[in-house]
Ligand SMILES: [Zn+2]
């Protein structure tokens, strides 16, 4: 496991302990997590990230979306590299 994964795992434990939000109070729509998941830093992303810092369920969803987004980027990069060779 790399240091980034260790750090995120530790943060996840703290989020679930301190900000469980089981009733999903104030949660944005799932689709609004796609911009910060893709690394888009617009005004909407800033608002969503401000919420995610205090909401374990949204933190989990954003983490899952980031994993999917990174996997898709890696897949596109692999295909592009294979095409170029
Ligand atoms: Zn939330």
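Side notes on the structure shown:
Results for (1) closer than 21 Å to residue 73 by Cβ; (2) more than 11 Å from the ligand (Cβ to nearest atom), shown as yes or no for each residue.
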site: 7; (1), (2): yes, yes
site: 37; (1), (2): yes, yes
site: 46; (1), (2): no, yes
site: 51; (1), (2): no, no
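- Single unsatisfied condition, residue 15 versus (1) without any contact (Cβ under 8 Å) to a residue 40 or more places away in the chain; (2) more than 10 Å from the ligand (Cβ to nearest atom): (1)
- If you go through the stretch 13-27 and keep only what is over 17 Å from residue 48 (Cβ atoms), touching a helix residue (DSSP H, G or I) at 6+ places or on another chain (Cβ under 7 Å) and in a helix (DSSP H, G or I), you end up with just 16.
Every read-out reported here was derived from the displayed coordinates using simple, explicitly stated rules and does not represent laboratory data. Model, not experiment: these values are computed from the prediction. Positions of Cβ are backbone-derived with ideal geometry, glycine not excepted, and every protein chain shown enters the neighbour counts.
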